[in-house]
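Heads up: the structure comes next, in structure tokens.
Read the figures in this text as sums done on the coordinates, not as results from a lab. Since the model is a prediction, treat every value here as computed from it, not as a measurement. Heads up, the Cβs are rebuilt from the backbone with ideal geometry, glycines too, and the neighbour counts pull from every protein chain shown.
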Amino acid sequence: MARFQGATSAWTGSPLFTRRANDVRLTETGQQLAPGFTAAFDELGNAVRALRNARPERHIHIATMPGIAQLWLPARLSAFRAATSDVRLSVTALERPPNLKRELFDLSIFISEPDPDEMEITIAEDVIYPVCAPEIAQKINSTNDLFSLPRLLDQSWQDDWHIWAMSAGLSPTDATATERYSLYGLAIQETLAGAGILMGHDCLVREHVQAGRLVAAHEHQSKTGKILSLRLQKESRKRPEIRDMLTLLTGFQSGSGGGT
């Protein structure tokens, strides 16, 4: 980093960025030059993607968050494989959506804020509500009972319980999570085992709810303002296998009757 900074300073006669305690900031000169370099790197990414798309074998590489990779995507990929046997599939779990202009993923699927600057397909609104195992639900006769039991959440969604409580007209101070997990799939497994009440994201818990393995611990559901979205680049959409994947992901119906 120091070598690169010295080189750019020599080329421009002034530094392009400054290092701070927790981040790096562009200087005024850096801000003026950044758009040109951004466009150049984006074009380089497009060229590499076009080169890769010219290969005869068909391959779809998906980037998604761990919870979607574990809980939402497998049944859909299984259905795609059954219908299209000559396409290789790869899945990479990431905590944040990748920059598809730079990174060589064909699709990204995340629960995130809508982004008008992205080519984005909304699969579903992000809806949350508390869920638990049936034996735990038998202990809940009132809201006080709900808040007296262990409350679980994924560390990536620290505010889930507060968002839901505010939407339900309840005191958010009573809705602090008591147990946190680094993976949503792990939190669900603990919930299935009777560890407590999980703030469920509908698209990730619906299969368990439909099968009766989990039940809603309260009738109120809350929209978070986020969406389950699929993003891709314009060039990727021209590929027939990508179009087939989009059709399946946006219209999938599970064997138990649940949609997307």
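Quick one: net charge around residue 66, please, counting Lys, Arg +1 and Asp, Glu -1 for every other residue with C-beta under 10 Å from its C-beta. Display every interim value, and only then the final one.
Values: positive: none; negative: 95, 154.
Counting the neighbours of residue 66, the net charge comes to -2.
When a footprinting reagent is the concern and you count Cβ atoms within 10 Å, what order do 157, 72 take, fewest first?
On the way: 157 21, 72 24.
Lowest count first: 157, 72.
Can you run phi through the Karplus equation (6.51, -1.76, 1.60; θ = phi - 60°) for segment 148-159 and list ³J(HN,Hα) in whole Hz, with x for Gly and Pro?
Using θ = phi - 60°, the values come out as 8, 9, x, 10, 9, 7, 7, 4, 6, 10, 4, 9 Hz.
Return a whole-number percent for the relative contact order of segment 132-260, with Cα pairs under 8 Å and 6 or more residues apart as the contact set. Could the numbers behind the result be given before it?
On the way: 141 pairs, mean separation 37.1, N = 129.
Taking the mean separation of contacting Cα pairs over the length of segment 132-260, I get 29 percent.
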